[in-house]
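What follows is a set of notes on a single structure, which appears directly below.
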Amino acid sequence: MDRDTTVERLRSQVCEFRDPRDWLRYDTPRSLAISISVEAAELLEHFQWRTDEQMREVLKDNFRKNEISDELADVIIFCLGFSDVLGIDISEAIAQKLRKTGEKYPVTEAKLPA
């Protein structure tokens, strides 16, 4: 699905879910920023106190991987709602940020030794 679904389509799906429930009235920039942080913390809980090696094992379990997928989806859903409320074009924002970061960390200077 990722190859065929645009950011705009995802944002539309979030709005089509949110709007009939009249949740837009609660979607202030502040509440959405808080929700993004809360959902990101819930995602982090799956990794807390585990090493990378332990997480590789955890991720072999489809049930656990689906739980992590749900938390990631929550973060992205709130990010899409946030961008909708603020009128931020996500593709443009990412392109600009990568450009700025590329200038700050050129490949020749930022590449870590093997």
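The values are calculated or read from the model by the stated rules, or taken from the named source; none is laboratory data. Nothing here was measured: the structure is a model prediction, and the numbers come from that model. Using ideal geometry, Cβ is built from the backbone for each residue, glycine included, and neighbour counts are taken over all protein chains shown. Surface areas here come from the heavy atoms of the whole protein model, side chains and all, with no ligands, DNA or RNA. Shrake-Rupley method; radii C 1.70, N 1.55, O 1.52, S 1.80 Å.
Report the relative contact order of segment 1-79, percent, no decimals, based on alpha-carbon pairs under 8 angstrom and at least 6 residues apart.
Details: 28 pairs, mean separation 32.3, N = 79.
The value is 41 percent.
Rounded to the nearest whole Å², what accessible area per residue is found for the chain with the 1.4 Å probe?
Numbers: 9260 Å² over 114 residues.
About 81 Å² of surface per residue is accessible.
In nanometres, what is the gap between the two model label sites at Ala73 and Arg25, each 7 Å from Cα along Cα-to-Cβ?
That separation, rounded to one decimal, is 2.8 nm.
7 Å from Cα along Cα→Cβ at both Gln13 and Ser37: what's the point-to-point distance in nm?
Rounded to a tenth, the inter-label distance reads 2.8 nm.
For Lys60, go through the aspartates and glutamates and keep the ones whose alpha-carbon is under 19 Å away, minus same-chain ones fewer than eight residues off.
Glu45, Asp52, Asp70, Glu71
Along the charge dipole of the chain, Cβ charges K/R +1 and D/E -1, which of Leu32, Asn62, Thr108 sits furthest on the positive end?
It is Thr108, whose Cα lies furthest towards the positive end.
Assuming 0.36 nm per residue, please report the length gained on full extension of the stretch Glu45 to Glu92 beyond their Cα-Cα distance. Could you put the intermediate results ahead of the total?
Numbers: separation 47, 0.36 × 47 = 16.92 nm, distance 3.07 nm.
Residue separation times 0.36 nm, minus the Cα-Cα distance, leaves 13.8 nm.
So what's the convex hull volume per residue for the Cα atoms of the chain, in Å³? The partial results should precede the final answer.
Numbers: hull volume 19.6 nm³, N = 114.
Dividing the Cα hull volume of the chain by its residues yields 172 Å³.
For segment 1-91, what % of the accessible area comes from carbon and sulfur atoms, probe 1.4 Å?
Numbers: 3790 of 6860 Å².
It is 55 percent, rounded to a whole number.
Rounded to the nearest 20 Debye, what is the dipole magnitude of the chain about its Cα centre when Lys and Arg each give +1 and Asp and Glu each give -1 at the C-beta? Write out the running numbers ahead of the final one.
On the way: 17 positive and 23 negative charges, 74 e Å.
Computed charge dipole of the chain: roughly 360 debye.
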